[in-house]
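The values are calculated or read from the model by the stated rules, or taken from the named source; none is laboratory data. All values derive from a computational prediction rather than experimental measurement. Here the Cβ is made from the backbone with ideal geometry for all residues, glycine too, and neighbour counts use every protein chain on show. Just the protein is used for accessible areas: all its heavy atoms, side chains included, with ligands, DNA and RNA removed. Shrake-Rupley method; radii C 1.70, N 1.55, O 1.52, S 1.80 Å.
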Amino acid sequence: MIQKHIPVIPLRGGVVFPGITTTISIGRRRSLAAAQAALEQGGDLLILVQYNAELEEPDTEDLVPVGIRATVRDVLRAPHVGVQMLVDLHRRVQFTRLEDSDPYLTGSYTELLEKTDDNPPLLMAEAIAYLEQYAEALGEANQQVIANTRNKDTAGQLADYVSGLLNLPFEMEVELLQNLHGVNRLEKVLGYLKKELRIAEIRSKIQEDARAGADKMQRDFMLREQMKVIRKELGEEGEDLVETLRKKIVESGMPPEVQERAEGELKRLEYQGPQSAEASVIRTYLEWMTELPWNAMTEDNLDIHHVREVLDEDHHGLEDVKDRIVEYVAVRKLAGNKMKGAIINLNGPPGVGKTSIATSVARAIGRKVVRISLGGVRDEAEIRGHRRTYIGAIPGRLIRALRDAGTRNPVIVLDEIDKVGADWRGDPASALLEVLDPEQNHSFTDHYLEAPFDLSQVIFITTSNQLSTIPAPLLDRMETITMPGYIEDDKLAIATNFLLKKQLEGHGIGDLEATIEKEALITIIRHYTREAGVRQLERNIGSVVRKLAVKVAGGTAGPFTVTAVDLAEFLGPEKFTYGTAEEQDEIGVVTGLAVSSFGGNILPIEVSLSEGNGRITLTGSLGDVMRESAQAALTYARANARALGLPPTLFDKVNIHIHVPDGATPKDGPSAGISMATAVISAFTQRPVRKDVAMTGEVTLRGKVLAIGGLKEKTIAAHRAGITTVLLPKDNAKDIPELPDRIRADLTLIPVQSLDEVLKVALLPGDSHPFTVEGDAEPEKSAPLPPVTNGGAERPIRANPHPTAFNRIPRVQERRP
């Protein structure tokens, strides 16, 4: 076959068919050059189609192998549409390859012969009929176009002409371009035309229904206006309320199913009139429905640094809570609305800032905050609301809180969740199971609304003082963050940076230059308060500030400086004391360490021996665990009597009295084990205990030292009491880096794992023989303590398998980690 060379223009994003004269837009420089060259050379041009419209410089394989042989009539330049060429599209040809690409594309082609089957007149007539119906359905009927279709002689020509009129998919256009069978092409076009006609008919029906709906709305509007005039003449002004509620329903952004319910209630209100008994009930219900923030949300401030700055500005310490909020903001920034709201429980003693940190969280991320106090709540309807069948029914506290916040993603603080009660009216804690479950609260249903409301974007922060009273299923739904009491350093920083300024401003002397010296603040903390939080501290600072306010009101000008000496005048005599180190090395007296919700303190342990029959006396309000620790310590001493230079029979002839001073204060916990063992051994061996040594740790029968809790509070108490050396379990050595810098610098911290290590550090060489009973043989000579055999390396099984069990007593408390 003869190959012919001709300029080439590739088309992007569309296909043209032969048999018509049309205009084609030109955007590429080489395509414009090809059109100009074809026009200068007689007009012959090859039009091809690109598979990929994004390709700027196509190769042979990027072009459809069947093209259109065309003739360029003219190249037109229009100011708004760019360059266009007017072309006659003649016939299909077989594209061979591209040859030149500069300054324009040229290629070669060979002629194609279309299959000339019989041209079925019925098929052609059917196609023309469907085209007429399609044009009428679209409202674009054109008699000239219909006349042109009737002038087509073959099925192939008709198919090409109709294909150019329809908006066919690109893949179908390419398929039709390469199809050389005219009848087959017409059948495909007819099938597509039938489908499009059905779509056009449906669209036309929808438009007719919409017009009918609009006409009905206009008719209803006219009737309502007439009814308004009639009601006005009758003295009934209820229609304005109905229209107002209807407008509010539309503008509230309710979900479709909720809006349908609200509109149904509105129809009832409209037909019953304002004098109906149910009118006020329906009106109140619709007002609640329209006032809720169905789709109103505040935009979160997702700047992590800003959030951290606000949290640090409002609160000192509380790093666990701050880190959790920063994590939430970071994930929210990455995940967007896919992330559900956080559900956090802040557990700790009163006054440590649980409620205030929740308010600070809302301010940091730019959300509204609503507080709901659950203390003493016993009615389930407080959470879920009352059903509308009851007189005076209203929604529950959650829905009311969302209405007050005006947004569906506020921070809701559920205060004192551990104090929720239950009685014959229901269990509010069970109702909270749905609220605080992220898998269920996206469709929380209030009994009053009887419609689901999405709570999944709410940040719930609950507060509690203890976890034991919270039902286990409810506690499992919350992420609990423990907020222990503040240590002395924290209280000092809070008083200096927050409380003093707050009290000065609260008493009207915020501009007054007044300071409280550091020593004075420490004295207030140690001798005028005993608490885990800072409420008593704030009240005492407020008392000092009021004394200054009296002076200012009396005409005394500042500045004022409050010293420790002034506190007796301002606050009266000291109310509390704290433990101090022993004045001298003593036998049978060991300085232990304890921790309570108020912080740490030293715990002196005294052991006295007297002639008797082996009786053991424990005094000082000791709990069961602490009594068991004393028994374990005595058993260790009895089992290792010979190693300690003691006759084994001595224990049966001596009465042992173990006393822990401050007897009015209950004490419990296992961490005094090594202190008791050291005191007992010191009393029997008559070796003094170093006054500058304090210790903490649980002891086993084999002399192993087990881990304890509250190391930070205990070491601070030891430092405050003047202790220089602290013995602690080796398992707690990992907690040393978390201690304050000055504690690690001033104290010698010695991790130990067996009791013999404790005795080597704590006991001094004795000047006398071990304790003896009159009539006994000369006791064995006391020798340096050899290493005590502690058995295998495995930890023994203990009666209490929970290492986090704490004693909940009001003052002194020991606990395991």
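Would you point out the residue of segment 268-291, among those that are open to solvent by 90 Å² or more (accessible area, probe 1.4 Å) and within 19 Å of Tyr448 (Cα to Cα), that is modelled with the highest pLDDT?
Narrowing segment 268-291 to residues open to solvent by 90 Å² or more (accessible area, probe 1.4 Å): 271, 275, 277, 283.
Imposing the further condition that a residue be within 19 Å of Tyr448 (Cα to Cα) reduces the set to 277, 283.
Details: Ala277: 70, Arg283: 81.
That would be Arg283.
Evaluate the following for Ala401: is it in contact with a Pro (Cβ under 8 Å, 6 or more places away or on another chain), outside any loop (DSSP other than H, G, I, E, B), at pLDDT 80 or above and open to solvent by less than 20 Å² (accessible area, probe 1.4 Å)? So that I can check it myself, show each step before the final result.
Working: in contact with a Pro (Cβ under 8 Å, 6 or more places away or on another chain): yes; outside any loop (DSSP other than H, G, I, E, B): yes; at pLDDT 80 or above: yes; open to solvent by less than 20 Å² (accessible area, probe 1.4 Å): yes.
Answer is yes for this residue.
Out of curiosity, is Ser456 polar (S, T, N, Q) and assigned to a helix (DSSP H, G or I)?
Values: polar (S, T, N, Q): yes; assigned to a helix (DSSP H, G or I): no.
In short, no.
Residue pairs, Cβ under 7 Å, 6 or more apart or interchain, first in segment 681-703 and more than 18 Å from Ala733 (Cα to Cα), second among the hydrophobic types (A, V, I, L, M, F, W, C) and part of a helix (DSSP H, G or I). List them.
Listed by first residue and then by second, the contacts come to Ile681/Ala637; Ile681/Leu759; Phe684/Ala637; Val689/Ala762; Arg690/Ala762; Thr700/Ala632; Leu701/Ala632; Gly703/Leu755.
Which of the following residues is out of contact with any strand residue (DSSP E or B) (no Cβ under 8 Å at 6 or more places or on another chain) and not aromatic (Phe, Trp, Tyr): Glu434, Glu450?
Details: Glu434 fails: out of contact with any strand residue (DSSP E or B) (no Cβ under 8 Å at 6 or more places or on another chain).
Residue meeting the stated conditions: Glu450.
Which one is nearest to Leu292 (Cα to Cα), of the residues in segment 404-420 that are assigned to a helix (DSSP H, G or I) and of a type in the set (Asp, Glu)?
Filtering segment 404-420 for residues assigned to a helix (DSSP H, G or I) gives 404-405, 417-419.
Right, trim to of a type in the set (Asp, Glu) and you get 404, 418.
On the way: Asp404: 9, Asp418: 29 Å.
So, considering only residues that are assigned to a helix (DSSP H, G or I) and of a type in the set (Asp, Glu), the one nearest to Leu292 (Cα to Cα) is Asp404.
Output the qualifying pairs, or none if there are none: Cβ atoms under 6 angstrom, residues six or more apart or on different chains, first residue in segment 644-664 and surrounded by fewer than 16 Cβ atoms within 10 Å (Cβ to Cβ), second residue part of a strand (DSSP E or B).
Listed pairs, sorted by first residue: Asn655/Ser610; Pro661/Pro604.
Criterion first (of a type outside the set (Phe, Trp, Tyr), farther than 30 Å from Ile522 by Cβ and either open to solvent by less than 20 Å² (accessible area, probe 1.4 Å) or at pLDDT 90 or above (or both)) does Gly669 satisfy it? Full working, then the answer.
Numbers: of a type outside the set (Phe, Trp, Tyr): yes; farther than 30 Å from Ile522 by Cβ: no; either open to solvent by less than 20 Å² (accessible area, probe 1.4 Å) or at pLDDT 90 or above (or both): yes.
Considered against the rule, which asks whether it is of a type outside the set (Phe, Trp, Tyr), farther than 30 Å from Ile522 by Cβ and either open to solvent by less than 20 Å² (accessible area, probe 1.4 Å) or at pLDDT 90 or above (or both), Gly669 comes out as no.
Of the residues Arg198, Arg185, Arg224, only one is without any contact (Cβ under 8 Å) to a residue 60 or more places away in the chain and over 22 Å from Ser163 (Cα atoms); which?
Details: Arg198 fails: over 22 Å from Ser163 (Cα atoms); Arg185 fails: over 22 Å from Ser163 (Cα atoms).
Unique residue meeting the criteria: Arg224.
Identify all residues within segment 280-296 that are among the hydroxyl-bearing types (Ser, Thr, Tyr) and under 29 Å from the mean Cα position of the chain (by Cα); write none if there are none.
Step one: list which residues in segment 280-296 are among the hydroxyl-bearing types (Ser, Thr, Tyr), which gives 280, 284-285, 290.
Passing the criteria: only Thr290.
Identify the residue in segment 1-19 that is aliphatic (A, V, I, L, M) and surrounded by 15 or more Cβ atoms within 10 Å (Cβ to Cβ) and, among all such residues, is nearest to Arg92 (Cα to Cα).
Of the residues in segment 1-19, the ones aliphatic (A, V, I, L, M) are 1-2, 6, 8-9, 11, 15-16.
With surrounded by 15 or more Cβ atoms within 10 Å (Cβ to Cβ) added as a condition, the list becomes 6, 8-9, 11, 15-16.
On the way: Ile6: 14, Val8: 14, Ile9: 15, Leu11: 15, Val15: 12, Val16: 11 Å.
So the residue we want is Val16.
Would you be able to tell me the number of residues in segment 39-60 that are open to solvent by less than 10 Å² (accessible area, probe 1.4 Å) and either touching a Ser or Thr at 6+ places or on another chain (Cβ under 8 Å) or β-branched (Val, Ile, Thr) (or both)?
Matching residues across segment 39-60 total 4.
Return the residues of segment 343-356 that are among the aliphatic types (A, V, I, L, M) and under 15 Å from the mean Cα position of the chain (by Cα); say none if nothing qualifies.
Listed by number, the residues that qualify are Ile343, Ile344, Leu346.
Kindly indicate whether Leu302 is in contact with a Lys or Arg (Cβ under 6 Å, 6 or more places away or on another chain) and open to solvent by less than 30 Å² (accessible area, probe 1.4 Å).
Values: in contact with a Lys or Arg (Cβ under 6 Å, 6 or more places away or on another chain): yes; open to solvent by less than 30 Å² (accessible area, probe 1.4 Å): no.
Answer is no for this residue.
Residues in segment 213-232: is at least one in a helix (DSSP H, G or I), loosely packed, with under 11 Cβ neighbours inside 10 Å and of a type in the set (Lys, Arg)?
Within segment 213-232 (the criterion being in a helix (DSSP H, G or I), loosely packed, with under 11 Cβ neighbours inside 10 Å and of a type in the set (Lys, Arg)), the answer is yes, since at least one residue qualifies.
Can you say whether Gly376 is under 30 Å from Tyr486 (Cα atoms) and at pLDDT below 80, as far as the supplied structure shows? Walk me through how you get there before you give the answer.
Values: under 30 Å from Tyr486 (Cα atoms): yes; at pLDDT below 80: yes.
Judged against the criteria, Gly376 is a match.
Which of the residues spanning segment 729-762 are among the β-branched types (Val, Ile, Thr), open to solvent by 30 Å² or more (accessible area, probe 1.4 Å) and touching a residue at least 40 places away in the same chain (Cβ under 8 Å)?
Kept after step one, since they are among the β-branched types (Val, Ile, Thr), are these residues of segment 729-762: 736, 743, 748, 750, 752, 758, 761.
If we keep only those that are open to solvent by 30 Å² or more (accessible area, probe 1.4 Å) as well, we get 736, 748, 750, 761.
If the condition is that a residue be among the β-branched types (Val, Ile, Thr), open to solvent by 30 Å² or more (accessible area, probe 1.4 Å) and touching a residue at least 40 places away in the same chain (Cβ under 8 Å), then Val761 is the only one that fits.
Take segment 132-158 and flag every residue that is among the small types (Gly, Ala, Ser), open to solvent by less than 40 Å² (accessible area, probe 1.4 Å) and within 23 Å of Glu201 (Cβ to Cβ).
Ala135, Ala137
In segment 54-64, is there at least one residue being in contact with a Lys or Arg (Cβ under 6 Å, 6 or more places away or on another chain) and at pLDDT 85 or above?
First, the residues of segment 54-64 that are in contact with a Lys or Arg (Cβ under 6 Å, 6 or more places away or on another chain): 60.
Applying the additional criterion that residues be at pLDDT 85 or above yields 60.
Among the residues of segment 54-64, at least one is in contact with a Lys or Arg (Cβ under 6 Å, 6 or more places away or on another chain) and at pLDDT 85 or above, which makes the answer yes.
For Lys712, are the conditions met, namely being within 20 Å of Pro484 (Cβ to Cβ) and in contact with a strand residue (DSSP E or B) (Cβ under 9 Å, 6 or more places away or on another chain)?
Values: within 20 Å of Pro484 (Cβ to Cβ): yes; in contact with a strand residue (DSSP E or B) (Cβ under 9 Å, 6 or more places away or on another chain): yes.
Yes.
Being open to solvent by less than 90 Å² (accessible area, probe 1.4 Å) and among the charged types (D, E, K, R) is the filter; apply it to segment 61-82 and report the residue that is farthest from Thr21 (Cα to Cα). Before the answer, list the steps.
Step one: filter segment 61-82 for residues open to solvent by less than 90 Å² (accessible area, probe 1.4 Å), giving 62-72, 74-76, 78, 81-82.
After this cut, where a residue has to be among the charged types (D, E, K, R) as well, the list is 62, 69, 74.
On the way: Asp62: 26, Arg69: 12, Asp74: 12 Å.
If we take residues in segment 61-82 being open to solvent by less than 90 Å² (accessible area, probe 1.4 Å) and among the charged types (D, E, K, R), then Asp62 is farthest from Thr21 (Cα to Cα).
Being open to solvent by 40 Å² or more (accessible area, probe 1.4 Å) and either assigned to a helix (DSSP H, G or I) or at pLDDT 85 or above (or both) is true for just one of Leu500, Leu475. Which residue is that? Don't jump to the end; show me each part of the working.
Values: Leu500 fails: open to solvent by 40 Å² or more (accessible area, probe 1.4 Å).
Residue meeting the stated conditions: Leu475.
State yes or no: is Thr715 touching a helix residue (DSSP H, G or I) at 6+ places or on another chain (Cβ under 8 Å), under 24 Å from Ile522 (Cα atoms) and not hydrophobic (A, V, I, L, M, F, W, C)? Explain how you work it out, then say what you get.
Values: touching a helix residue (DSSP H, G or I) at 6+ places or on another chain (Cβ under 8 Å): yes; under 24 Å from Ile522 (Cα atoms): yes; not hydrophobic (A, V, I, L, M, F, W, C): yes.
It is true that Thr715 is touching a helix residue (DSSP H, G or I) at 6+ places or on another chain (Cβ under 8 Å), under 24 Å from Ile522 (Cα atoms) and not hydrophobic (A, V, I, L, M, F, W, C).
Quick one: which of Arg388, Arg378 is charged (D, E, K, R) and open to solvent by 70 Å² or more (accessible area, probe 1.4 Å)?
One residue alone meets the criteria, Arg378.
With Leu165, Leu180 as the choices, which residue is farther than 20 Å from Asp88 by Cβ and either open to solvent by less than 50 Å² (accessible area, probe 1.4 Å) or touching a residue at least 12 places away in the same chain (Cβ under 8 Å) (or both)? First the steps, then the outcome.
Values: Leu165 fails: farther than 20 Å from Asp88 by Cβ.
Criteria check complete, one pass: Leu180.
Table: residues versus (1) of a type in the set (Gly, Ala, Ser); (2) without any contact (Cβ under 8 Å) to a residue 60 or more places away in the chain.
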residue: Ala342; (1), (2): yes, no
residue: Leu346; (1), (2): no, no
residue: Gly366; (1), (2): yes, no
residue: Gly375; (1), (2): yes, yes
residue: Asp379; (1), (2): no, yes
residue: Ile383; (1), (2): no, yes
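Please find, among Glu574, Glu586, the residue that is over 30 Å from Phe651 (Cα atoms) and acidic (Asp, Glu).
Working: Glu586 fails: over 30 Å from Phe651 (Cα atoms).
Unique residue meeting the criteria: Glu574.
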